[in-house]
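A.B. asks: Submitted below is the structure of interest, expressed as structure tokens.
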Amino acid sequence: MAAILLKSLHTLESLNEPTAKWNVPFKDGNHVIEFEHGTASGRRLVKIDGKELVHRDWMFQLVGDEVFKFNGNTFVIRIDPIPGLQYSYTLWVNGKSYKNFVQTQSKILETWSANVGNEEYRIVLDKQTQNVWVNGEQIETESEFTDDGAEILFSVGDLPAAIRTSSSGQKDIGIIYSLYINDVEIKNETLLKEDQET
């Protein structure tokens, strides 16, 4: 009877939405991390981009850390108790809190989304290395100096693209990066929105 009850609890918990969800930006794209925490069955399930990475059933310790690695990065989901028999969930990436990691990424990565024809493209510039990634793959580029700064030239789909750099003239802002596809400027993506989990 107890086994049937526990199986029923497990089934009910698996019907719910993820307990916590984070969108983590990397050079090769954003990765969605979903965490399911079964407080009745003790189950812990971690999915990255919809693929199951960690699955533990019948964990008797409901609080603590769930540590896992993905693409050479170390992730920790910290489970802490809060009043009312509830739990809080925080994500740590490479030793930094989720918010601090995303803020660091926004300092070293410039990100754009563009629709070319029927295709959607995500273009990422690593400001430290000047490497460009399109839809998760590093691509070959050419660099040229201009009167105002420099250009990184490449293609998106069949169209010519350029990331143009220029000085902002302000020390606290530094260099400005602008993406042009077929001479049309594309707006930057914001990596951390105000309503996202911290």
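A.B. asks: Hey, among the residues in segment 119-128 that are open to solvent by 40 Å² or more (accessible area, probe 1.4 Å) and out of contact with any Lys or Arg (no Cβ under 9 Å at 6 or more places or on another chain), which one's farthest from Val184 (Cα to Cα)?
C.D. replies: Gln128
A.B. asks: Are there any pairs with C-beta distances below 9 angstrom linking a residue in segment 99-117 that is at positive phi to a residue that is open to solvent by 20 Å² or more (accessible area, probe 1.4 Å), with the two at least 6 apart or on different chains, and if so which?
C.D. replies: Every condition considered, the pairs that remain are Gly117/Gly157; Gly117/Asp158; Gly117/Leu159.
A.B. asks: Anything in segment 73-90 that is open to solvent by 80 Å² or more (accessible area, probe 1.4 Å) and either closer than 28 Å to Thr104 by Cβ or at pLDDT below 85 (or both)? List them, or say none. Before you say what the answer is, go through the steps one by one.
C.D. replies: Here is the first cut: in segment 73-90, the ones open to solvent by 80 Å² or more (accessible area, probe 1.4 Å) are 81, 83, 85-86.
Correct list: Leu85, Gln86.
Residue by residue, here is whether (1) of a type outside the set (A, V, I, L, M); (2) in contact with an Asp or Glu (Cβ under 8 Å, 6 or more places away or on another chain) holds:
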| residue | (1), (2) |
| --- | --- |
| Gln61 | yes, no |
| Gly64 | yes, no |
| Lys69 | yes, no |
| Phe75 | yes, no |
| Ile82 | no, no |
| Phe101 | yes, no |
| Thr111 | yes, yes |
| Asn115 | yes, no |
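A.B. asks: Shifting gears a bit: Provide a single number: the residues in segment 54-64 that are open to solvent by less than 80 Å² (accessible area, probe 1.4 Å) and either outside any loop (DSSP other than H, G, I, E, B) or modelled with pLDDT of 90 or more (or both).
C.D. replies: Residues that pass the stated criteria total 2.
A.B. asks: Next question. Can you name the residue in segment 38-53 that is at pLDDT below 85 and open to solvent by 20 Å² or more (accessible area, probe 1.4 Å) and, of all such residues, is nearest to Asn73 (Cα to Cα)?
C.D. replies: So the residue we want is Thr39.
A.B. asks: Would you check which residues across segment 17-36 are surrounded by fewer than 18 Cβ atoms within 10 Å (Cβ to Cβ) and either on the phi > 0 side of the Ramachandran plot or outside any strand (DSSP E or B) (or both) and list them?
C.D. replies: Glu17, Pro18, Asp28, Gly29
A.B. asks: Related question: Can you tell me which condition Glu151 does not meet? The list is (1) modelled with pLDDT of 90 or more; (2) farther than 21 Å from Lys27 by Cα, and all the others hold.
C.D. replies: It is condition (2) that Glu151 fails.
A.B. asks: Within the set of pairs 6+ apart or on separate chains, which have a first residue in segment 164-189 that is closer than 19 Å to Asp126 by Cβ, a second that is surrounded by 12 or more Cβ atoms within 10 Å (Cβ to Cβ) and acidic (Asp, Glu), and C-beta atoms under 7 Å apart?
C.D. replies: From segment 164-189, the pairs are Arg164/Glu151; Tyr177/Glu110; Asn188/Glu110.
A.B. asks: Could you say which residue among Val116, Val93, Val102 is open to solvent by less than 80 Å² (accessible area, probe 1.4 Å) and over 20 Å from Phe26 (Cα atoms)?
C.D. replies: Testing whether each residue is open to solvent by less than 80 Å² (accessible area, probe 1.4 Å) and over 20 Å from Phe26 (Cα atoms) leaves just Val116.
A.B. asks: Just one of (1) assigned to a strand (DSSP E or B); (2) over 24 Å from Lys21 (Cβ atoms) trips up Gln170, so point out which.
C.D. replies: Unmet for Gln170, out of (1) assigned to a strand (DSSP E or B); (2) over 24 Å from Lys21 (Cβ atoms): (1).
The values are calculated or read from the model by the stated rules, or taken from the named source; none is laboratory data. Computed from a prediction, not measured in an experiment: that's the story for all the values here. Ideal geometry is used to build each Cβ from the backbone, glycine not excepted, and the neighbour counts take in all protein chains shown. Heavy atoms of the whole protein, side chains included, go into the accessibility calculation; ligands, DNA and RNA do not. Shrake-Rupley method; radii C 1.70, N 1.55, O 1.52, S 1.80 Å.
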